[in-house]
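The values are calculated or read from the model by the stated rules, or taken from the named source; none is laboratory data. Since the model is a prediction, treat every value here as computed from it, not as a measurement. Here Cβ is always computed from backbone atoms with ideal geometry, including for glycine, and neighbour counts include all displayed protein chains. Remember, those area values only see protein heavy atoms, side chains included, never the ligands or the DNA or RNA. Shrake-Rupley method; radii C 1.70, N 1.55, O 1.52, S 1.80 Å.
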Amino acid sequence: MPEKRIVLENCGVIDPSDINTYLSRDGFKALEKARKHMTPQQVINEVKRSGLRGRGGAGFPTGLKWELCTKSPEKERFVICNADEGEVGTFKDRYIIQNDPFGIIEGIALAGYAIGASKGYIYLRAEYHYLRDLLENAIEQAKTKGFLGEKNNESFGIEVREGAGAYVCGEETALMESIEGKRGEARYRPPFPPEHGLWQKPTSINNVETLANIPHIIFRGAEWFSQIGTQQSKGTKVFSVSGDVEKPGIYELPMGTPLRELVEELAQAKDLKAAQVGGASGRLIPEEKLDTPLAFETVLGAGAVIVFSKGRNIIQVVRRNIEFFAEESCGKCVPCREGTQVMSDILRRFSLGQGTKEDLTILEELSNAMMLASLCGLGQAAPNSVSDSLLYFRSEYDT
Amino acid sequence: MSDENLSLELEKLCIHYKRHDDLLSFIKKVHEKCGYLSPENIKNVASLWNVSVGEIYGLTTFYVFLSTKPLGQNVVRVCRSTPCYLENCDMVIETIEKKFNIRPGGVTEDGKFSLQLVSCIGACDQAPAMLINDELYGNLTPGKIETILKGL
């Protein structure tokens, strides 16, 4: 399957600092269509029928999330655009913001209209501070044109909030804690954000790429969108490819495209040993499984693909992953806080050739315990590459 | 800036941020003005916001872009996550360590530079990469690092 540009359609074509170039490519037509000719429920239904699922990695159906927000009797509601792209190996949201900030703004405004939100927030990671002016400028221009703010009786506004350096704040409840001015520690769920979100109000929190899909779905219709992709994963996915490839970068492909096509044909990997799909918390796919289709029902995450060539030591790679989690664990729950530390110690021993059989048993037991008992996705997914390396590259752990 | 002027200025700033219910941005602003959050500043912020000192301290120590110790005028943040590791981020760290004679977490004697090791900064297509203050620098080589640091 060749590349297919939906989310990236305007990237490199429009001038991200000039709204007129976005307008000339049917920009904000979807928002106008929704506000003039569709009820909020119709917008939700359209998104539900499209089959769009969250692009931040979890894959929750977007339309359903919106609908859950509207079930609450609480009238003050919020939309949050999650631009805290912290997953290792992911840079697609950076690329989308840099090249088409207006598409995101239109998506947020549509989400706001659908759930009846009074306000939208963009939570931008501190590492992307250099994108802030671009975003603020785009919001300002959208206001001037009457798509946001007070004109046209339109009260929905968007505010940019910035993080301060914490991977876990990409987790939805930790992110909301951070906006509220607290340590970004994940909350116990339920209740879920559509019921009790930001400041305990119903909140829809969606990834940058998810929101960037919305204008296209509303403008061209759910039927068009749902014809692209697989049974359970509709549309395209924007992939961030890095590591041992000739052409690292951003690629947008229909859901279901084989991993091989992305890494070998497009990014031009040579002598590939494995690829990790979904970032540090993603799955390790060995060369023999490279024909795996990229979709929610198989392997996807937020679309980070890190490629390792034959010369790479898998234990070193996995160790680096786990050190990352040990550093970024918020410390609230024991399985994650202690588990990542113990794993990190064991992997250090293995990389020095000092690991024991007992260490291997502990690694396996710990992986299971953390997946089962951690409070949020960080700890639950942290052991993924450890258990995959034990499955596919066990000989490298030879004791 | 004298202590008195500073606390007056913080008070003024605080009103703006309180209206937006935006404590974290306020703390970042104080951090930006003072270079770090001293015990005094933590107390100031806590009293302006009417929360406990412990809460502000807890918040400050949670986020890696906030510091309770003085930082250099320029903060160099080198990414050491997997994609940058594959492209030899250790070379970047060593080059800067040698050039400034500091270790990660340290500040140069003249107070001009801090070196920090950070998690993925989302520049994996340009690995190895680093941030200096808010600027992104990618595809680093020893020569390129030298030129960048000279230009600061």
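Annotations for the structure displayed:
- Sulfur and carbon atoms: percent of accessible area, region B:74-150 [1.4 Å]: 44 percent
- Helix-only mean residue ellipticity at 222 nm for chain A, each DSSP H run of n ≥ 4 adding -39500 (n - 2.57), per residue, nearest 500: -12000 deg cm²/dmol
- Taking every alpha-carbon pair under 8 Å whose residues sit at least 6 apart, chain B reaches a relative contact order of 19 percent.
- Across every pair of non-identical alpha carbons in region A:315-398, the mean reciprocal distance, once inverted, gives a Kirkwood radius of 12.4 Å.
- Region A:86-126 versus region A:208-283: alpha-carbon centroid distance in Å: 18 Å
- Region A:339-396-region B:1-59 distance, computed between alpha-carbon centres (Å): 41 Å
- Paired Rg and Dmax values of the protein assembly as shown, which use every Cα atom, in angstrom: 23.1, 70
- Region B:25-152: Cα Rg divided by the 2.2 N^0.38 Å rule of thumb: 1.15
- Contour minus Cα-Cα distance for A:D345 and A:W224 (0.36 nm per residue): 38.5 nm
- Square roots of five times the Cα gyration tensor eigenvalues for region A:170-229, Å: 30, 11, 10
- Accessible area, probe 1.4 Å, largest first, for residues A:K237, A:K4: A:K4, A:K237
- Prolate/oblate/rounded call for region A:236-309, Cα gyration tensor, a/c under 1.5 rounded: rounded
- The order of the peptides B:102-113, A:91-102, B:68-79 by mean Cβ neighbours within 10 Å, most packed first, is A:91-102, B:68-79, B:102-113.
- A:E358 accessible area, assembled protein chains, probe 1.4 Å, Å²: 130 Å²
- Along its principal axes, region B:3-62 has C-alpha extents of 25, 25, 18 angstrom, given from the largest down.
- Geometric extent, Cα atoms of region A:204-264 - Rg, Dmax (angstrom): 13.4, 39
- Summarising the label geometry, the points placed 7 Å from Cα in the beta-carbon direction at A:T70 and A:V13 lie 3.0 nm from one another.
- The simple Förster model, with R0 at 25 Å and r as the Cβ-Cβ distance, assigns A:E327 and B:V51 a FRET efficiency of 0.40.
- Pairs exceeding a 28 Å alpha-carbon distance, out of A:K48/A:K92; A:K65/A:K234; A:K237/B:K18; A:K119/B:K69; A:K182/B:K98; A:K48/A:K119: A:K237/B:K18; A:K119/B:K69; A:K182/B:K98.
- For region B:3-62, the dipole from Cβ point charges (+1 on Lys and Arg, -1 on Asp and Glu) about the Cα centre works out to 160 debye, to the nearest 20.
- Between B:H20 and A:R49, the FRET efficiency estimated from the beta carbon spacing at R0 = 45 angstrom works out to 0.75.
- When only alpha carbons are used to place a centre, region A:20-80 and region A:299-326 end up 34 Å from one another.
- Distance-filtered residues of region A:200-215 - backbone nitrogen under 16 Å, label point 7 angstrom along A:K247 Cα→Cβ: none
- Interatomic Cα distance distribution for region A:172-289, bins of 5 angstrom, percent: 2, 9, 14, 15, 13, 14, 15, 11, 5, 1, 0
- Partner aspartates and glutamates for A:K71 [C-alpha distance under 17 Å; skip if fewer than 8 residues away on the same chain]: A:E195
- Counting only DSSP beta bridges whose two residues both lie in chain A, roughly 45 percent are antiparallel.
- Averaged over the residues of B:15-21, the number of partner chain Cβ atoms lying within 10 Å of the residue Cβ comes to 1.
- Chain-alone versus full-assembly comparison, region B:60-77, residues with accessible loss of at least 30 Å² (1.4 Å probe): B:F62, B:Y63, B:V64, B:F65
- Once both labels are positioned 7 Å from their Cα atoms along Cα-to-Cβ, the gap between B:E109 and A:D398 label points is 5.0 nm.
- Overall shape: oblate for region A:1-89, with the ratio a/c of the largest to smallest alpha carbon gyration tensor axis at 1.5 or above and b/c at least equal to a/b.
- Remark: mean inter-chain Cβ contacts per residue of A:268-281 equal 1, using a 10 Å Cβ-Cβ cutoff to other protein chain atoms.
- Principal-axis analysis of the Cα atoms of chain A puts helix A:40-50 at an angle of about 40° to the longest axis.
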